[in-house]
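The values are calculated or read from the model by the stated rules, or taken from the named source; none is laboratory data. What you see is a predicted model; the values in this text were computed from it and never measured. Positions of Cβ are backbone-derived with ideal geometry, glycine not excepted, and every protein chain shown enters the neighbour counts.
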Amino acid sequence: MRFAYADPPYLGYSSFYADLHPDAMDYDDPATHRALIERLCDEFKDGWVLSMTSGNLHDILPMCPKAARIAPWVKPFASFKPGVNPGYAWEPVVFMGGRKRAREDETVRDWVAANITLQRGLTGAKPRIFCRWVIDLLNALPGDEFIDLFPGSNAFGSAWADYAREKSPLPSLPLEGAA
């Protein structure tokens, strides 16, 4: 199966990434987010996940298919800005599709609690627990293709590679002394 994770510059926050990506400022235009969602729907029919800030939910959710679900990333530890109260301590994640689960499969929650990352070299770098939850949301398995459309810190790509390595069966080795 083929999946995607998209964590674009959030609408209104593109200036944080202007020095890091030549197209970052394009994401201050809602039309760019609409085009991204269309791409996700067209190219990743098996499933996709899109991160955003809670302040963008009213703008971006109407661009998503009605079948899309919203899941929160709750941040027990988050950075608080002076004069902003209540503080922003969650982010919505919109997801579509995923591999069907069998009745006996473990149920995955439609929320995750994970602290923000610090000093990862990039504002918004996602913690490993969050990345593993994204993988679980879509029920991705080793051998699937899972593309991070905005690799930034490579947190997601690294988590996917580790997951695929951990969950892949070990190759069969010949028994010692066997002919």
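Please verify whether Ala125 is under 21 Å from Leu36 (Cα atoms), surrounded by fewer than 21 Cβ atoms within 10 Å (Cβ to Cβ), touching a helix residue (DSSP H, G or I) at 6+ places or on another chain (Cβ under 7 Å) and touching a residue at least 12 places away in the same chain (Cβ under 8 Å), treating the condition exactly as stated.
Yes.
Take the conditions touching a strand residue (DSSP E or B) at 6+ places or on another chain (Cβ under 9 Å) and surrounded by fewer than 18 Cβ atoms within 10 Å (Cβ to Cβ) and apply them to Ile147. Does it pass?
Considered against the rule, which asks whether it is touching a strand residue (DSSP E or B) at 6+ places or on another chain (Cβ under 9 Å) and surrounded by fewer than 18 Cβ atoms within 10 Å (Cβ to Cβ), Ile147 comes out as yes.
Is one or more of the residues making up the range 30-43 in a loop (DSSP other than H, G, I, E, B) and modelled with pLDDT of 95 or more?
The answer is no, given that none of the residues of the range 30-43 is in a loop (DSSP other than H, G, I, E, B) and modelled with pLDDT of 95 or more.
Filter the range 76-86 down to residues that are in contact with a Gly (Cβ under 9 Å, 6 or more places away or on another chain) and in contact (Cβ under 8 Å) with a residue 24 or more places away in the chain and give me whichever is surrounded by the most Cβ atoms within 10 Å (Cβ to Cβ).
Of everything passing the filter in the range 76-86, Ala78 is surrounded by the most Cβ atoms within 10 Å (Cβ to Cβ).
Say whether the condition of being charged (D, E, K, R), in contact with a Lys or Arg (Cβ under 8 Å, 6 or more places away or on another chain) and farther than 18 Å from Gly152 by Cα is met by at least one residue in the range 104-114.
Yes, some residue in the range 104-114 is charged (D, E, K, R), in contact with a Lys or Arg (Cβ under 8 Å, 6 or more places away or on another chain) and farther than 18 Å from Gly152 by Cα.
May I ask you to list the residues in the range 135-144 that are surrounded by fewer than 21 Cβ atoms within 10 Å (Cβ to Cβ) and in contact with a helix residue (DSSP H, G or I) (Cβ under 6 Å, 6 or more places away or on another chain)?
Matches in the range 135-144: Pro142 only.
Among the residues that make up the range 87-108, is at least one of them in contact (Cβ under 8 Å) with a residue 60 or more places away in the chain, at negative phi and surrounded by 11 or more Cβ atoms within 10 Å (Cβ to Cβ)?
Yes, some residue in the range 87-108 is in contact (Cβ under 8 Å) with a residue 60 or more places away in the chain, at negative phi and surrounded by 11 or more Cβ atoms within 10 Å (Cβ to Cβ).
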